[in-house]
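One structure below.
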Amino acid sequence: MLALLLGVSGHAGAERIKDLASITGVRNNQLVGYGIVVGLDGTGDQTSQAPFTTQSLINMLGNLGVTIPPGTSLQLKNVAAVMVTMQLPPFAQPGQQFDVTVSSMANAKSLKGGTLLLTPLKGADGQVYAIAQGNMIVGGAGGQAGGARVTVNHLSAGRIPGGATVERSVQTMLGGAEGVQFELHQADFGTARRVVDAINRDLGEQAAVALDGRRIQIQAPDTPNERVAFLGRIENIEVSPITGAAKVIVNSRTGSIVMNQAVTLAECAIAHGNLTVSVNTETQISQPNALSQGQTAATQTGTVGITQDQASLMRFKPGVTLTEVVKALNSVGATPMDLVNILQAMKTAGALRAELEVI
């Protein structure tokens, strides 16, 4: 069983605003197109099970002036129908080139060595924004020196570096007459307040206002040149974000557990199969010496007890964290599903002081 434990605690370090937020309206645009890959070494689509590949090739040849008699049976082992995708970044201009991803959509065994023919890439509005074509690079196939060992992974998808040429730009506005809005990647009222304070402290005026826990309105110059310089200055201001809420992510398929900070547990006891988990809180009294002028203090310490068929018992002091519980469960052979069920039970009982997300 694989368990990945990442505990991060304490105050977050300073980060640039560009790493915490983005400008409203400045975003990537998804493009997609249907194309044909040729030049495969007998690893293309089986046309009997993928008739659209044959139909696409006939239509393409017809556009090039080649007429195929009706009823002709084509055996196209070197051709594959594919879907082509790319992200059109903001401010992209006609003539710029970007990488594209090519993925088989039928039963081709491999796209290695193939060439993508001219493929228009469309946006959500149905307009063509780029044209893709070129030779593919398919990863996942390699071997050691001497050919003693060959590893083959996924060969039904590949990339074409610089394979798409932009034909139409997407109009991107840097705010409006009222200024520019920044949006935090993670909504947090405390972080939004700190961003506003950092911007106003750097500019020396009340230029930024928090609209809510995510959006920040900033007064910006009107001319494009001044606005670009202004935003470049804003993006590089450093802010110390508020530590996020405790969160635990569990992957039930791999048994991985990731947490964004140290998570403490309240007192609880869980029985699951032949495993018994108990978390107890003990109060310890600290009594100072008579002449030390100190004060009597009560501190709470935690213990974790985990047994498997009453064969093993583990205790941890002074603080109980989820990290310690998971490590102890792993040591007694708990399965990934055991971990998921136990954490869900702790969350339901209110003993897990964190948001639990199972993926």
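The values are calculated or read from the model by the stated rules, or taken from the named source; none is laboratory data. Note that this is a predicted model, so its numbers are computed, not measured. With ideal geometry, Cβ positions are generated from the backbone for all residues, glycine too; neighbour counts draw on all protein chains shown.
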Hits in the stretch 89-126 - residues which are more than 18 Å from Gly35 (Cα to Cα) and either among the acidic types (Asp, Glu) or under 22 Å from the mean Cα position of the chain (by Cα) (or both): Pro89, Pro90, Asp125
In the set Arg227, Arg233, the lone residue that is within 25 Å of Ala21 (Cα to Cα), surrounded by 15 or more Cβ atoms within 10 Å (Cβ to Cβ) and modelled with pLDDT of 90 or more is Arg227
Among residues of the stretch 245-256 being of a type in the set (A, V, I, L, M) and over 16 Å from the mean Cα position of the chain (by Cα), the residue nearest to Val325 (Cα to Cα) is Ala246
Have a look at Ser169, Ser156, Ser240 and point out the one that is touching a His at 6+ places or on another chain (Cβ under 9 Å) and of a type outside the set (A, V, I, L, M). Ser240
I'm told Ala130 meets every condition in (1) at pLDDT below 90; (2) under 18 Å from Pro94 (Cβ atoms); (3) aliphatic (A, V, I, L, M) except one. Can you identify the failing condition by its number? (1)
So, in the stretch 179-206, how many residues would count as being touching a strand residue (DSSP E or B) at 6+ places or on another chain (Cβ under 7 Å) and either assigned to a strand (DSSP E or B) or at pLDDT below 90 (or both)? 6
